[in-house]
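For reference, the structure is listed below as structure tokens.
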Amino acid sequence: MNDIDDLLVELEEQEGIDLTYDALVPRTAHVIEHRYRDPEGTVWLSVANDSKTPVDYLMLTAPDETLDRMAAFLKMRLPVASFEDLRSRARERTESDHGALVRMAIAAEEPDQESIALIRQALHSSDDNLTLAAIEAAGLTGWLHFLDELVALYRRHPESETRALAGRAVQALIGRNPEG
């Protein structure tokens, strides 16, 4: 968070975009979100921390011209990995770093067979933490490929936390795909 605070000072100095801390929002038992906004309320930066996975990520909301400037500014100052790198890391490290799967899903745009297979395999893991990460990843992609597995986890998994997360992921998939 100190790095973000330093970046925001630099963002104001170099780009004239003034963001101040707005709120701490607990999203789930293990996900917290720090929100920053500009005085007009048109630019928002959220920093989410998932302590269970563990993954930290940024979300930006701004008018297009401001969003482009902010994204370019942040890319110059923060480590940025390509989707191919993230998918490779998920392939190689998912067992030891469950967050690799979630990071891949956050960056995913169009479904591809390898990403689908990585998430699907983790959805069927005997490691409950990996299953949770896979559920989160499946929901983040928005891909209906995982709907049947998520519904099955929601209905039959013995752990209530896993069922609840699977239910939220199902809702996310349905919400992102209202046309079916």
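The values are calculated or read from the model by the stated rules, or taken from the named source; none is laboratory data. Since the structure is predicted, the reported quantities are computational estimates derived from the model, not experimental observations. Here Cβ is always computed from backbone atoms with ideal geometry, including for glycine, and neighbour counts include all displayed protein chains. Please note that ligands, DNA and RNA were not included when accessible areas were found on the heavy atoms of the full protein model with its side chains. Shrake-Rupley method; radii C 1.70, N 1.55, O 1.52, S 1.80 Å.
Can you pull out every residue in the stretch 168-180 that is open to solvent by less than 90 Å² (accessible area, probe 1.4 Å) and not polar (S, T, N, Q)?
Within the stretch 168-180, A169, V170, A172, L173, G175, G180 meet the criteria.
Is it the case, given these coordinates, that E136 is at pLDDT 95 or above and either in contact with a Phe, Trp or Tyr (Cβ under 9 Å, 6 or more places away or on another chain) or charged (D, E, K, R) (or both)?
no
Within the stretch 62-85, can one find any residue that is surrounded by 16 or more Cβ atoms within 10 Å (Cβ to Cβ) and among the small types (G, A, S)?
For the stretch 62-85, residues surrounded by 16 or more Cβ atoms within 10 Å (Cβ to Cβ) and among the small types (G, A, S): present.
Restricting to the stretch 118-139, and then to whatever is in contact (Cβ under 8 Å) with a residue 60 or more places away in the chain and open to solvent by 10 Å² or more (accessible area, probe 1.4 Å), can you tell me which residue is farthest from A152 (Cα to Cα)?
Here is the first cut: in the stretch 118-139, the ones in contact (Cβ under 8 Å) with a residue 60 or more places away in the chain are 129, 132-133, 136.
Imposing the further condition that a residue be open to solvent by 10 Å² or more (accessible area, probe 1.4 Å) reduces the set to 129, 132, 136.
Numbers: N129: 17, L132: 14, E136: 15 Å.
Filtering the stretch 118-139 for residues that are in contact (Cβ under 8 Å) with a residue 60 or more places away in the chain and open to solvent by 10 Å² or more (accessible area, probe 1.4 Å), the one farthest from A152 (Cα to Cα) comes out as N129.
So which residues in the stretch 140-167 are open to solvent by 70 Å² or more (accessible area, probe 1.4 Å) and either touching an Asp or Glu at 6+ places or on another chain (Cβ under 7 Å) or part of a helix (DSSP H, G or I) (or both), if there are any at all?
H145, D148, Y154, R155, R156, E159, S160, E161, R163
Select from the stretch 9-53 the residues that are open to solvent by 60 Å² or more (accessible area, probe 1.4 Å) and closer than 30 Å to L130 by Cα and list them in ascending order.
L24, P26, R27, A29, I32, R35, S51, K52
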